[in-house]
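One structure below.
Read-outs: derived from the displayed coordinates by stated rules, not from any lab. Quick caveat: nothing in here was measured; it's all calculated off a predicted structure. So basically every Cβ, Gly included, is an ideal-geometry build from the backbone, and we count neighbours across all protein chains shown.
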Amino acid sequence: MAQATLPPEVLDDAKARRYSADAAGLGRLRAGAFVAPALALISLFLVFPALWVLYLGLSNYRLTGAAAAAPRLVGFDNFVKALTDPEFWNSTWLTFEFVLGSAVIGQVVLGFLLAWIMRDRTGPLKRIVEGLVILAWILPSAVVSFLWVALLDRDDGTLNTLLHSQDFAPLLDHPMLSIIIFNIWRGAAFSMMLYGAALGNVPPSHLESARLAGASGWQQLRDVVFPHIRGHVLTNLLLISLWTFNDFTPFLLTAGGPDGKTEVLAVHVYQVALQGGELGYGAAVSTVILLINLVVAVFYLRLLRSKK
């Protein structure tokens, strides 16, 4: 009995589908080859350290002693200790105070004011102002911290020398305010650049129409400018809040003192893990900080999505 032969159009369609499937598979292989180095780096420098910190947080690992040679798992004892430790909650409150004062209020306001003032400026004045602001941001933390200590030191500080006084000691009398002002001064550059780019997208015709309608400066900002840049505002808040929350620079200014008044969470982890030698407990505190960061990030992202 003769074998039935498929029509040519059916054969062509089957070949086309098979060729499409082969091409799709080859495309996935190529995409995987391009993504593989990035995934390897992420796994090496992010995933593995995170898992290692989680393991340390579940152990009694120390820098010295028997626990350093033969650590053992202690379950969630370190996490319970952290959540019941008054010093941890004091550092948490100081960290939120530091973030609220320097990032959420200070950098956002100062960065926007600089961007708003400089938006229509041209010439050397704009370049000088932007250059000085950005310079404070790009200099290494150790350098700018040393400059501020040299400026504000009570005994040999430049400011007291200019004032011919030995009584002005902000790092001792007002340590939290000092590190907040320092962080505002240093971090305002990022907000300025982001808002400067955002303000460039506001249609000038809208502002002109608002002016012709008799809108005041505040009304122009509220009804014209802010609706166009609110996504940039939330993005800026998310980034600078997380950066400030995990900032270790206050240690370079005050070492967490005096009397723990500037012992933010990053400094607290350093002191318990490295100075105190309790790596397991420090890893548990770091994990709690990571969870707080995730909560803050999810809150901002949900807020940004609802605004869109």
### Query
What is the helix-to-structure angle for 175-199, meaning the angle in degrees between its Cα long axis and the longest Cα principal axis of the chain, kept from 0 to 90 and rounded to the nearest 10?
40
### Gain upon complete extension [ARG28, LEU303; 0.36 nm per residue less C-alpha separation]
95.5 nm
#### Entry: Nonlocal amide H pairs with SER59, under 5 Å, H built at 1.01 Å
VAL74
### Task
Just report the Cα centroid separation between the stretch 28-94 and the stretch 105-181, whole Å.
35
## Note on the structure
Under a Gaussian network model of the chain whose springs join Cα atoms within less than 10 Å, the largest fluctuation of PHE190, PHE146, PHE245 belongs to PHE146
### Query
What does the convex hull of the Cα atoms of the stretch 253-305 come to per residue, in Å³, rounded to a whole number?
83
### Message
Below 12 angstrom from the Cβ of LEU177, what's the summed charge of the other residues (Lys, Arg +1; Asp, Glu -1)?
### Response
-1
### Ranked ILE138, ILE180, criterion: other C-beta atoms within 10 Å, fewest first
ILE138, ILE180
### Task
Go through the stretch 279-290 residue by residue and turn each phi into a ³J(HN,Hα) via Karplus (6.51, -1.76, 1.60, θ = phi - 60°); whole Hz please, and just put x for glycine and proline.
5, x, 5, x, 5, 5, 5, 4, 5, 5, 4, 4
### Query
Ranking HIS164, HIS206 by Cβ neighbours within 10 Å, fewest first, what do you get?
HIS164, HIS206
### Message
Within the stretch 232-258, list the residues whose amide N lies under 20 Å from a label point set 7 Å along Cα→Cβ of TRP93.
### Response
245-246, 256-258
### Query
What is the spin-label model distance, in nm, from TRP116 to LEU132 if the labels are put 7 Å beyond Cα along the C-beta direction?
2.1
#### Entry: Angle in degrees between helix 8-42 and the longest Cα principal axis of the chain, rounded to the nearest 10
20
### Query
Under the rule of -39500 (n - 2.57) per DSSP H run of 4 or more residues, summed and divided by the residues of the chain, what mean residue ellipticity at 222 nm is obtained, to the nearest 500 deg cm²/dmol?
-22000 deg cm²/dmol
#### Entry: All-pairs alpha carbon distance profile, the stretch 36-193, 5 Å steps from 0, percent
2, 7, 10, 10, 11, 13, 14, 12, 9, 6, 4, 2, 1, 0
### Summary
Lys and Arg at +1, Asp and Glu at -1: neighbours of LEU147 with Cβ under 12 Å from its Cβ sum to 0
### Query
Can you tell which of THR95, THR244, THR84 shows the greatest fluctuation in a Gaussian network model of the chain with Cα springs below 10 Å?
THR84
### Message
Taking the 0 to 90 degree range and rounding to the nearest ten, how far is the long axis of helix 141-152 tilted relative to the main principal axis of the chain, both from C-alpha atoms?
### Response
20
### Relative contact order [Cα under 8 Å, 6+ residues apart], the stretch 215-308, whole percent
29
### Task
Arrange TYR55, TYR281 by Cβ neighbour counts within 10 Å, fewest through most, would you?
TYR55, TYR281
